[in-house]
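Everything on this sheet refers to the single structure shown next.
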Amino acid sequence: MTMLRSTLAVFLVLFLSACVSLPPQADRTATHALEDTNTTRLGTMLMPEVHRHPDQSAFHLLPDGIDALLARIVLTGQADRTLDLQYYIWHDDLTGRQLADGVLRAADRGVRVRVLLDDLGTGADDKVLLAIASHPNIQVRLFNPVASRTFKTLGTALEFGRVNRRMHNKSLIADNQAAILGGRNIGDEYFGASSDVSFGDLDVLTFGPVVHRVSSAFDQFWNSDAAYPIESLTGHPAAPDALAMYRVKLTAAIAAQQDSPYVVQAKQRLAKLVAARDPEFSWGKATLLYDDPAKITRSPDDPQGHLLTQFDALSVTPDRQMLIISPYFVPGKKGVEWMRAQTARGVRVTILTNSLAATDVAAVHAGYQRYRKNLLDAGVHLYELKPAETEDPTAKKKSLLGSSKASLHAKTYVFDRTSIFIGSMNFDPRSITLNTEIGVYCESDAIAAQVADGLEPKLDQIAWRLEERTDANGASRIVWIDTAPDGTVKELDEPGVSSMKRIGIWFLGLLPIESEL
């Protein structure tokens, strides 16, 4: 009898899930970025500089996690009329709450706030989103959501063919005057606040003509058929006291963390930034590249509207060197041959990706490892990040934040130290064919050299260099070259992981899942 009831329950859940469909979009109101924002605080401050650099945009790199968070909080606090945020992940943690508080404060000032989140990436509580969206100045939409909100996990499995296509974009736009783009989601691990893992990442703060194009891209996603207001998904608005109750919990959570080492350090950094002169910006031509939101409805083999198709149209051809920084790197046969063609022309191709010991997505590493030998044979200089423990550089002894495992998360491509792409796109099939991505191609010697010169001299210290060796029997094998701080060098087998993990990765590599990586 118990087995019968269990079987019936499973069939009932399956039946109910199968009957759920996404709501119609007929009553949804389209909105767009405001154009007349030159008299806002940001406009008044930035437009004189824009006029002095016609047809160029300004760039300020944000490699440091605390600076990247503060930049978002400052822009949120400076916004007078509009604030648009588009993210794949937004955690309910220390940094996530700080930014959520800033968003609510902006809305309280009368700022129109639009928040577009990926449904699966964020995995947010619908009740929390409803509460926030009940603010008269805030709208929340979810991209390509699971239809069943009650049985979401099961619904994800049943609708896998559709919901497997995700919005991986990351951008914040204030008053259509300034924007932040790059690799960071919203969460402690992206801003140096986690004691478990610290993602090495990169964003760019920009203003000038490119910002209007970032706003246009946001509008396309916001008004696309795949963006659903949270209220239409749940079928009801928030409870009358939901926002007030959320504010109480948010205020209490933030107050409880005010004396934490991270918050204290962030406040000190902010005070120094306010006291110092404005951050330095480099100027150059900026080209925004992004996937059409309708990409998720087309075949992965259809290149229409793809970011990579737009990049190919730029005909970027390095003459001397190219630096690829991608945490999830699965080049495929075409990618390997493209790099072989570059090295054949005399271009030095350097790749930095995660090692097996550093990666947070083992399945992607399983896809990548089968191309290591081919990359080395193609003349590529291949490096894998060491999972070194990172500590607070201001601490004299043990880090106040504790130590965390370093893992690469930046998606950055440098060409001849004269131009650079910074965005959300990894060099893997998922970014190229399945998900939507965004990034900015900056023609700026200054920031391209800043990234290359800041990273390349340190590669042998922060990463293992891979090389091929021939043993006494004439067999070829890959070794990891470990360069210690004192300059000593030794060869290793795949370091930093157990035999069981190597076996697990080997097994994953047998599965036909590369197109999903």
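Once Lys and Arg get +1 and Asp and Glu get -1 on their Cβ, which of Thr251, Ala239, Ala227 lies farthest toward the positive end of the dipole of the stretch 166-284?
Going by the Cα projections, it comes out as Thr251.
Go through Leu85, Leu99, Ser134 and say which Cα lies farthest out towards the positive end of the charge dipole of the stretch 47-143; charges sit on Cβ, +1 for Lys and Arg, -1 for Asp and Glu.
Farthest towards the positive end: Ser134.
Would you pull out the residues with amide H under 5 Å of Thr82's amide H, same chain only if 5 or more places away, H placed 1.01 Å from N?
Arg112, Asp175
Taking square-rooted eigenvalues a ≥ b ≥ c of the alpha carbon gyration tensor, is the stretch 60-146 rounded, prolate or oblate, where a/c under 1.5 means rounded and, failing that, a/b exceeding b/c means prolate?
oblate
Regarding the chain, what are the three Cα extents along the principal axes, ordered largest first, in Å?
Principal-axis extents of the Cα atoms in the chain, largest first: 76, 75, 51 Å.
Checking a compactness column here: for the stretch 291-516, what do you get for Rg(Cα) / (2.2 N^0.38 Å), N being the number of residues? List each step's numbers first, then the result.
On the way: Rg = 18.3 Å, N = 226, 2.2 N^0.38 = 17.3 Å.
Its radius of gyration relative to the 2.2 N^0.38 Å reference: 1.06.
Ordered by residue, what ³J(HN,Hα) values in Hz, to whole numbers, does the stretch 234-239 give under the Karplus form 6.51 cos²θ - 1.76 cosθ + 1.60, where θ = phi - 60° and Gly and Pro are x?
7, x, 7, x, 6, 4
If you put +1 on each Lys and Arg Cβ and -1 on each Asp and Glu Cβ, how big is the dipole of the stretch 36-275 around its Cα centre, in Debye rounded to 20?
Values: 24 positive and 27 negative charges, 51 e Å.
For the stretch 36-275, the charge dipole is close to 240 debye.
From the phi angles alone, apply the Karplus equation (6.51, -1.76, 1.60; θ = phi - 60°) to the stretch 51-64 and give each ³J(HN,Hα) in whole Hz, x where the residue is Gly or Pro.
These are the phi-based 3J(HN,Hα) values: 5, 7, 10, x, 6, 10, 10, 9, 10, 9, 6, 10, x, 8 Hz.
Suppose a student asked you for the relative contact order of the stretch 86-128, using Cα pairs under 8 Å spaced at least 6 residues apart; what percent would you report?
Details: 26 pairs, mean separation 27.5, N = 43.
Relative contact order here is 64 percent.
For the cross-link pairs Lys334/Lys490; Lys373/Lys405; Lys127/Lys501, which exceed 29 Å when the distance is taken from alpha carbon to alpha carbon?
Details: Lys334/Lys490 33 Å; Lys373/Lys405 27 Å; Lys127/Lys501 39 Å.
Pairs exceeding 29 Å: Lys334/Lys490; Lys127/Lys501.
Give me the dipole magnitude in Debye, nearest 20, for the chain about the Cα centre, with unit charges on the beta carbon: positive for Lys and Arg, negative for Asp and Glu. Provide the component values of the computation, followed by the final result.
Numbers: 54 positive and 62 negative charges, 109 e Å.
With Lys and Arg at +1 and Asp and Glu at -1, about 520 debye.
Roughly how big is the stretch 291-516's charge dipole about its Cα centre, with Cβ charges of +1 (Lys, Arg) and -1 (Asp, Glu), in debye to the nearest 20?
420
With unit charges on the beta carbon (Lys/Arg positive, Asp/Glu negative), name the residue among Gly496, Ile438, Ala449 whose Cα is farthest towards the positive pole of the charge dipole of the stretch 291-516.
My answer, from the dipole projection, is Gly496.
Over the chain, what is the relative contact order in percent, taking alpha-carbon pairs closer than 8 angstrom and at least six residues apart? Don't skip to the end; give the middle numbers.
On the way: 991 pairs, mean separation 82.9, N = 517.
Here the relative contact order equals 16 percent.
Taking θ = phi - 60°, what integer Hz values does the Karplus form 6.51 cos²θ - 1.76 cosθ + 1.60 yield along the stretch 413-418, in sequence order, with x for Gly and Pro?
9, 10, 10, 6, 6, 10
Which Rg and Dmax, in Å, describe the Cα atoms of the stretch 36-275?
Calculated on Cα positions, Rg and Dmax stand at 17.9, 56 Å.
Can you sort Asp201, Asp301, Asp416 by how many other beta carbons sit within 10 Å, fewest first?
Values: Asp201 26, Asp301 7, Asp416 19.
Listed from fewest to most nearby Cβ atoms, that is Asp301, Asp416, Asp201.
Report the net charge of residues surrounding Leu376, where surrounding means a beta-carbon distance below 13 angstrom and charges are Lys +1, Arg +1, Asp -1, Glu -1.
Values: positive: Arg340, Arg370, Arg372, Lys373, Arg465, Arg469, Arg477; negative: Asp377, Glu384, Glu467, Glu468.
Once all neighbours under 13 Å are counted, the net charge is +3.
Where Lys and Arg each count +1 and Asp and Glu each count -1, what net charge lies around Glu491 among other residues with Cβ under 13 Å from its Cβ?
Values: positive: Arg465, Arg469, Arg477, Lys490; negative: Glu467, Glu468, Asp471, Asp482, Asp493, Glu494.
So the surrounding residues net to -2.
List every residue whose amide H lies under 5 Å from the amide H of Tyr328, counting only residues 5 or more places away in sequence or on a different chain, with H placed 1.01 Å from N in the peptide plane.
HN-HN under 5 Å from Tyr328: Phe427.
No value in this document is a laboratory result; all are computed from the given coordinates. Keep in mind that this is a model prediction, so the values were computed, not measured. Neighbour counts run over all protein chains shown; Cβ positions are idealised from the backbone, glycine included.
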